[in-house]
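Reading through the structure tokens given below for one structure.
The numbers here are math on the coordinates, done by the rules we state, and not lab data. In this text the structure is predicted, and so the values were computed from the model without any measurement. Note that each Cβ is placed from the backbone with ideal geometry, even for glycine, and that neighbours are counted across all protein chains shown.
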There are 2 protein chains.
Amino acid sequence: MPELAIRNLFARRSIRQFKDAPVTPEQVTLLLQAAMAAPSAGNRKPWHFVVVRDAVTRARIAASHPYCKMATAAPVVLVPCGDPGLSFADRPAFWVQDLAAATENILLAALGLGLGAVWCGVYPNEERVADARQFLHLPPEIIPFAYVPIGVPAEEKEARTQYDADRVRFERW
Amino acid sequence: MPELAIRNLFARRSIRQFKDAPVTPEQVTLLLQAAMAAPSAGNRKPWHFVVVRDAVTRARIAASHPYCKMATAAPVVLVPCGDPGLSFADRPAFWVQDLAAATENILLAALGLGLGAVWCGVYPNEERVADARQFLHLPPEIIPFAYVPIGVPAEEKEARTQYDADRVRFERW
């Protein structure tokens, strides 16, 4: 059923309102399995994930990030983190792209599970990185990449592409 | 059918061997619709896409990138490009993550259409960026992000996650 797979990409929308309803440990595991199914440069998988349920930590996240207030309402916040030391020594900068692919997979998997999620960027904002490092007790070599609040959606958004033919060139610019 | 959506994430594998079979313009449009359905920081959509079918350009791509030899066999190579000037002035660096999410969507959409694809990183490798800029006549402000050869798969790979429980922490590191 190829078309469903594409419709799912269109149906992924940023969900910022959540019901007072749980996300189960089994769902979290599926979300992380989806994240770790992402491609990475040389398949080096330069990632770690922190699963935050604690309300105090979620409140700190919300207070430290201007667009992540919904972390207080979401029962779980996933925090993908980069570990550049796991990338190839000659091309460590690819870790950012690898983490972004894993994060997109989390958003898509959340949708697939009937959950909603939103990607709140942390890296490369230095203040946000420093704050997250403190809350989560991250070692210096581990870089917090994003906050992904996840819960049962309390808002509905229509599927869409934002396709713009002006952004497409053929053969050359 | 939520589970199918997640199985699709597991089924996405890097496909590097292609049949001598076409990718239609309609399929390319769907792939680009999927790309442009990706999230981006502040929804700034800092992307452009070059659709390369020309065999000479594909041969140049293959010659300039050590892991993109299959560009000669794939009937089409999509080239997502970043345009940092379209991002917020105070956070232009997020364009890399936005492009990575769009690229992951292309890979997933290809699978959904019965096609295969592989993500060959270009940015931030300076030589690869310079080469692509030359082949594709990109303006100086446009940054070639990746090559994505796409075609009808001539290899099969099993669905998988590379889930590793050692990469998961709860509440804090």
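Coupling constants for region A:118-125 follow from the phi torsions by the Karplus curve (6.51 cos²θ - 1.76 cosθ + 1.60, θ = phi - 60°), and in residue order they are 8, 9, 9, x, 10, 5, x, 5 Hz; glycine and proline get x. B:Phe88: net charge of surrounding residues, Cβ under 13 Å, Lys/Arg +1, Asp/Glu -1, itself excluded? Charge balance in the 13 Å sphere: 0. Using the Cβ of A:Val122 as centre and a radius below 11 Å, the other residues enclosed give a net charge of -1, where K and R count +1 and D and E count -1.
Using mean Cβ contacts within 10 Å as the protection proxy, how do B:29-36, A:19-26 order, highest first? Walk me through the intermediate numbers first.
On the way: B:29-36: 23.4, A:19-26: 12.4.
Those peptides, ordered most packed to least, come out B:29-36, A:19-26.
Partner shielding of A:81-88 amounts to 1, given as the average count of beta-carbon atoms from other chains within 10 Å of each residue beta-carbon.
Modelled spin labels at B:Tyr67 and A:Asp20, positioned 7 Å past Cα toward Cβ, are 4.8 nm from each other. Summary for B:Lys69: label point 7 Å along Cα→Cβ; distances to the equivalent points in the other copies, ascending, 5.5 nm. In this structure the amide hydrogen of B:Ala146, modeled in the peptide plane, comes within under 5 Å of the amide hydrogens of B:Val122, B:Tyr123, none closer than 5 places in sequence on its chain. Between identical copies, the spacing of B:Val129 label points, each set 7 Å from Cα toward the C-beta atom, reads 1.7 nm from nearest to farthest. According to the Cα-based calculation, Rg over Rh for the protein assembly as shown is 0.95, with Rh computed by the Kirkwood formula. Reported to the nearest whole Å, the Cα centre-to-centre distance from region B:13-64 to region B:71-114 is 8. When chain B is turned onto chain A, the axis of that turn runs closest to one Cβ of chain B, and that residue with its distance in whole Å is B:Ala100, 2.
Amide hydrogen proximity for B:Val76: with H placed 1.01 Å from N in the peptide plane, the residues at 5 or more positions away or on another chain lying under 5 Å are B:Ile150.
Other chains' Cβ within 10 Å of B:34-47 residues: what's the mean?
Details: counts 8, 6, 9, 13, 8, 11, 3, 4, 2, 2, 0, 3, 1, 2.
Counting Cβ atoms of other protein chains within 10 Å of each residue's Cβ and averaging gives 5.
Shape of region B:2-156 from its Cα gyration tensor (a ≥ b ≥ c, root eigenvalues): rounded if a/c is under 1.5, otherwise prolate when a/b > b/c, or oblate? Since a/c reaches 1.5 but b/c is at least a/b, the shape of region B:2-156 is classed as oblate. Quick one: of A:Lys19/A:Lys157; A:Lys157/B:Lys45; A:Lys45/B:Lys157; B:Lys19/B:Lys157; B:Lys45/B:Lys157, which pairs are farther than 22 Å apart, Cα to Cα? Beyond 22 Å: B:Lys45/B:Lys157. Label separation (B:Ala165 vs A:His137): 2.0 nm, computed from points 7 Å beyond Cα along the C-beta direction.
Per residue of B:108-114, count partner chain C-beta atoms within 10 Å of its C-beta, then hand back the mean as an integer. Please report the intermediate quantities before stating the final value.
On the way: counts 8, 6, 3, 3, 9, 4, 2.
If you average over the peptide's residues, the count of other-chain Cβ atoms is 5.
Label-point distances for B:Gly85 to the equivalent site in the other copies, using a point 7 angstrom along Cα→C-beta, read 4.1 nm when ranked shortest first.
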